[in-house]
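Read the figures in this text as sums done on the coordinates, not as results from a lab. All of these numbers come straight from a predicted model, not from anything done at the bench. Glycine also receives a Cβ, built like all others from the backbone with ideal geometry; neighbour counts cover every protein chain displayed.
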Amino acid sequence: METLPLKDMQTLVSLSKRRGFVFQSSEIYGGLSSCWDYGPLGSQLKFNVKQAWWKAMTNRQDIVGIDAAILMHPQVWVASGHVDGFSDPLVDCKNCKNRFREDHADTKDGKPACPQCGSSDITESREFNLMFETHMGPLKDDGSKVYLRPETAQGIFVNFENVQTSMRKKIPFGIAQIGKSFRNEITPGNFIFRTREFEQMEMQYFVKPGTDEDWFESWKETRWAFYKSLGLNESKLRFHPHGPDELAHYAKAAFDVQYQFPIGWQELEGIHNRSDFDLSQHQKFSGKKLEYFDETDKSKFIPYVIETAVGCDRLCLAVLCDAYREEVTEKDGKSDTRVVLGFHPSVAPIKVALLPLSKKAPLQEMSQAIYADISDDMACEYDEAGSIGKRYRRQDEIGTPLCVTIDFDSLDDDSVTVRHRDTMQQDRVSRDQLKTYLKDKLSSFSA
Ligand code: GAP
């Protein structure tokens, strides 16, 4: 048997549509560029990814969560630097009219060239602010202008004092948040990799100045361990340190966690040492003191921030790319391909499929009774349509770790067959042991 990894993004786009993970937004109207809808399995996968992140962040005593509004006071974005500085250099190709980021240009004879047609006849660059603007209230004037937040981080910074005092938190402590962000990207694309509307999972960890470099190192390790726990292949993960020319205006140091997507090594998460930049800026612009008083040594300071920021959609894409494999076997001169999404059970949308061999009572009654017994404890799918071989293949393709087949012998021996996605091994398990068996297999899974 030969095992092949995902060869290109299009294969995943097709599978995602066919199996209900991700659909093009507004498809019946011809679609809306770079916007995607998560279908029944995709939304469950995304929910599981968010839950894993939330648990990793908030199941500890030093981090609490919040859920801030998308619309914020416009001054927030002046203070954060987004109004003046959150822009990309935009250029147009005079030959083919392609519009692209200047830093995405190809090079031809030492000159920047259009990545679409190769022409060097391109316009001077102009700065294009990536924030979406809208208006609050009935008047559309400058006084009513607000922005759709381009990052969730600022909702955390402006609530630093509220959270610290209401939760009586002592430094070091962190605030975690999951929510939508919006960026009017010039060149979105590559499926859900870069979109204009996306979800972020960000955590800001507030520390005493001078301890920031140690915390930065510690968070790098913690975040690596998180990706391992999701079952991601470590050989497809790496750290990329930011050089001085890559550092954001707020960052003292930064590392990306990169994943090797079919489009190459790309940023999955940013880990930044933001120093006291954000809280100092908000203190200056709001006039509200954001200093912390440290009772242990009676010192007063503006905390430094270590930030970990990952896109939920981008992480779902990494999980999908990582899980995809094709198993090709040759038998009697014929080639057969089994497509598998080898998800870690913690993110698999369906954990167990119940597959009765017949739709007729009493097999159906027995199968429904098993479904009722286990579906409260693990996400189950009940499927009685089509041949058992096709049903197994569908479950493999949606990444279900375990299938339970209820056959005619089950009526006599009160046992069922459990089939394992990865090995295709089958075990006969008595019904009274089934729930424990399934829970045990799901929790002891190793990729
Ligand atoms: N608060 C810091 C911040 O927002 P960022 O590197 O701009 O940092 C963090 O974004 C993460 O958000 C990225 O690593 C990426 O996973 C995700 N992200 C950013 N822009 C995105 C987009 N247009 N589409 C999908 N995900 C995006």
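Take the residue pairs Lys46/Lys180; Lys351/Lys435; Lys334/Lys390; Lys228/Lys252 and return only those whose Cα atoms are more than 24 Å apart.
Going by Cα-Cα distance, Lys228/Lys252 fall outside the 24 Å limit.
Suppose each label sits 7 Å from its Cα in the direction of the beta carbon; what would the Ser430-Asp62 distance come out to in nanometres?
Reported label-point gap for Ser430 and Asp62 is 5.0 nm.
Mind listing the long-range amide H neighbours of Ser119? Cut-off is under 5 Å, sequence gap 5 or more, other chains count too, H placed in the peptide plane at 1.01 Å from N.
Cys114
Taking square-rooted eigenvalues a ≥ b ≥ c of the alpha carbon gyration tensor, is the stretch 346-396 rounded, prolate or oblate, where a/c under 1.5 means rounded and, failing that, a/b exceeding b/c means prolate?
Oblate, since a/c reaches 1.5 and b/c is not below a/b.
With angles folded into 0 to 90 degrees, how steeply does helix 277-286 sit against the dominant principal axis of the chain? Use alpha carbons for both and round to 10.
60 degrees
Whole-Hz ³J(HN,Hα) for each residue in the stretch 78-89, computed from phi via Karplus 6.51 cos²θ - 1.76 cosθ + 1.60 with θ = phi - 60°, x for glycine and proline: what do you get?
With the stated coefficients, the stretch 78-89 comes to 6, 4, 6, x, 6, 5, 8, x, 8, 9, 10, x Hz.
Please list, ordered by chain and number, the residues whose modelled amide H lies under 5 Å from the amide H of Asn98; skip anything fewer than 5 residues away on the same chain.
Under 5 Å from the amide H of Asn98: Cys93.
Using the Karplus curve 6.51 cos²θ - 1.76 cosθ + 1.60 with θ = phi - 60°, what ³J(HN,Hα) values do you get for each residue of the stretch 298-310, in whole Hz, with x for Gly and Pro?
Going residue by residue, I get 6, 8, 10, 7, 8, x, 7, 10, 9, 10, 10, 9, 10 Hz, with x marking Gly and Pro.
Name the trypsin sites (Lys or Arg not before Pro) in the stretch 295-346 that are in a loop by DSSP and that have at most 13 other C-beta atoms within 10 Å, would you?
Lys298
Name the trypsin sites (Lys or Arg not before Pro) in the stretch 339-447 that are in a loop by DSSP and that have at most 12 other C-beta atoms within 10 Å, would you?
Lys359, Lys360
Can you tell me the length gained on complete extension of the stretch Glu267 to Val328, counting 0.36 nm per residue apart and subtracting the Cα distance?
Computed gain between Glu267 and Val328 is 18.8 nm.
Taking H as built 1.01 Å from N, whose amide H comes closer than 5 Å to the amide H of His73, not counting residues under 5 places away?
Counting only residues 5 or more places away or on other chains, the set is empty.
Which value in nm describes the separation of the simple spin-label points at Arg18 and Thr296, placed 7 Å from the Cα toward the beta carbon?
Once both label points are built, they end up 5.7 nm from each other.
As a footprinting exposure proxy, order Ser335, Ser120 by other Cβ within 10 Å, with the fewest listed first.
By the 10 Å Cβ count, ascending, the order reads Ser335, Ser120.
Need one number: nm distance between label points at Asn95 and Asp142, each 7 Å from Cα along Cα→Cβ, rounded to one decimal.
4.1 nm
On a straight-distance basis, which lysines could pair with Lys111 in a cross-link, Cα separation under 29 angstrom, same-chain partners fewer than 8 positions away excluded?
The reachable lysines, counting only those whose Cα sits under 29 Å from Lys111, are Lys94, Lys97.
Given a Förster radius of 25 Å and the C-beta distance between Ser280 and Phe132 as r, what FRET efficiency does 1/(1 + (r/R0)^6) yield to the nearest 0.05?
The value I calculate is 0.40.
Please say if the stretch 98-257 is rounded, prolate or oblate, where rounded means a/c under 1.5 for a ≥ b ≥ c the square roots of the C-alpha gyration tensor eigenvalues, and otherwise the choice is prolate for a/b larger than b/c and oblate otherwise?
Since a/c reaches 1.5 but b/c is at least a/b, the shape of the stretch 98-257 is classed as oblate.
With bins 20 Å wide starting at 0, give me the P(r) of the chain over every alpha carbon pair, in whole percents.
The distribution over the chain is 21, 48, 26, 5, given as percents.
Share of Cα-Cα pairs in the stretch 368-413 beyond 15 Å, in percent?
Everything past 15 Å amounts to 50 percent.
Per residue of the stretch 391-406, what does 6.51 cos²θ - 1.76 cosθ + 1.60 with θ = phi - 60° give for ³J(HN,Hα)? Whole Hz please, x for Gly and Pro, Karplus curve as stated.
With coefficients 6.51, -1.76 and 1.60, one gets 5, 4, 4, 5, 5, 4, 6, 9, x, 6, x, 9, 10, 10, 9, 10 Hz.
What Cys residues in the chain have no fellow cysteine's beta-carbon under 4.7 angstrom?
Cys35, Cys312, Cys316, Cys321, Cys380, Cys403
Could you tell me which trypsin sites (Lys or Arg not before Pro) in the stretch 72-108 are loop residues by DSSP with no more than 12 other beta carbons within 10 angstrom of their beta carbon?
Sites meeting the loop and neighbour criteria: Lys97.
If you line up the long axis of helix 9-18 against the longest principal axis of the chain, both from Cα atoms, how many degrees apart are they, to the nearest 10?
The two axes meet at around 60 degrees.
Does the stretch 1-129 come out rounded, prolate or oblate by the C-alpha gyration tensor, with a ≥ b ≥ c the root eigenvalues, rounded set by a/c under 1.5 and, if not, prolate when a/b is larger than b/c and oblate if not?
Because a/c hits 1.5 or more and a/b fails to exceed b/c, the stretch 1-129 counts as oblate.
Rg/Rh for the stretch 316-381 to two decimals, with Rh computed the Kirkwood way over all alpha-carbon pairs.
Using Cα coordinates only, the ratio equals 1.13.
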